[in-house]
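Notes follow once the structure below has been shown.
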Amino acid sequence: QGFGAPVSEWFQGELGRRAQRQIKESALAERRLIDYEEVDRMWEAHRRGPVNWAFHLWNLYNVSAWYDYWVAGRSNL
């Protein structure tokens, strides 16, 4: 049986700051396919509450890490 991870709470602290930084510094960001000012607004709204952007931010975090590793060849994740 699976269980939910408390990503919303994790993103309130250091993991959230690290994930936000990694998203903004990823090779994917260099392609300018995403409005990163809007992503920053999502982070701020998530931290301020009560809106919960954890699902969306988690997906951005993962696709950025995936792109860095598999497409851009960055192995220092």
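The values are calculated or read from the model by the stated rules, or taken from the named source; none is laboratory data. The model shown is predicted, which means the values in this text are computed figures rather than measured ones. Here the Cβ positions follow ideal geometry from the backbone for every residue, glycine too, while neighbour counts run over all protein chains shown. Heavy atoms of the whole protein, side chains included, go into the accessibility calculation; ligands, DNA and RNA do not. Shrake-Rupley method; radii C 1.70, N 1.55, O 1.52, S 1.80 Å.
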> Restricting attention to the range 32-52, which residues are without any contact (Cβ under 8 Å) to a residue 12 or more places away in the chain and at negative phi?
Replying inline: 33, 35, 37, 38, 41, 44, 45, 48, 50, 51
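What residue, among those in the range 29-50 that are open to solvent by 100 Å² or more (accessible area, probe 1.4 Å), in a loop (DSSP other than H, G, I, E, B) and of a type in the set (D, E, K, R), is nearest to residue 71 (Cα to Cα)?
31
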> Residues of the range 1-28 being surrounded by 15 or more Cβ atoms within 10 Å (Cβ to Cβ) and either modelled with pLDDT under 95 or small (Gly, Ala, Ser) (or both), which ones?
Replying inline: 8, 16, 19, 26
> Within the range 31-77, which residues are of a type outside the set (Gly, Ala, Ser), touching a Ser or Thr at 6+ places or on another chain (Cβ under 6 Å) and within 16 Å of residue 6 (Cα to Cα)?
Replying inline: 52
>> Being open to solvent by 90 Å² or more (accessible area, probe 1.4 Å) and of a type in the set (Phe, Trp, Tyr) is the filter here; which residues of the range 59-77 pass it?
In response: 66, 69, 70
> Going through the range 32-50 one residue at a time, which ones are of a type in the set (D, E, K, R) and either within 14 Å of residue 61 (Cα to Cα) or modelled with pLDDT of 95 or more (or both)?
Replying inline: 35, 37, 38, 40, 41, 44, 47, 48
